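Worksheet for the structure shown next.
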Amino acid sequence: MPFIVLALIIAAALGATVSVAAQDSLPGDPLWGFKVHINEGAAAALAAEGRAQADLDLAAIATRLQEAATLSAKGILSPAAKAELEANIAGHAERIETEIKKLQTHGDYLGAADVATRFQATVAQGVSGPLDLQAVLDRASALSASATPLP
């Protein structure tokens, strides 16, 4: 029994160490997948629907944009990393759209308009960067235009 407890403590410590180390990883780094799938996935699983979930997705998009800018500035943004970043952003964009629709369905029109506006602003910051985000910006702009604060 003490061995199992010790093993669990060691596993938890290693997991926490890897999780912290992964936070600064970039696409192409060995821990980037851990950061995106485990760290961000756990945070998303624990977040409530609506604004909280959308805020996590907006933060993830901002992080992807920063990662792309960092790799581009270093001259190491590969086509594979670019495609992976764009796909990840598109996935978060879809989840944001879903959360905006949920907010509207639940009568939180002000919340939906807020999320839509912040979504558009976040993506607009990255359009002039190294990623091809025009399609995501078009979707964000359409959502922002259609999200009215009152029914």
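Just so you know, all these numbers are worked out from the coordinates, no wet-lab data involved. These numbers come from a predicted model, not from an experiment. Virtual Cβ from ideal backbone geometry, glycine too; neighbours counted across all protein chains shown.
Among residues of the range 122-151 being within 25 Å of Pro79 (Cα to Cα) and of a type in the set (Gly, Ala, Ser), the one that is surrounded by the most Cβ atoms within 10 Å (Cβ to Cβ) is Ala140. Within the range 71-79, identify whether any single residue is within 19 Å of Val36 (Cα to Cα) and not in a helix (DSSP H, G or I), and answer yes or no. Taking every residue of the range 71-79 in turn, at least one turns out to be within 19 Å of Val36 (Cα to Cα) and not in a helix (DSSP H, G or I).
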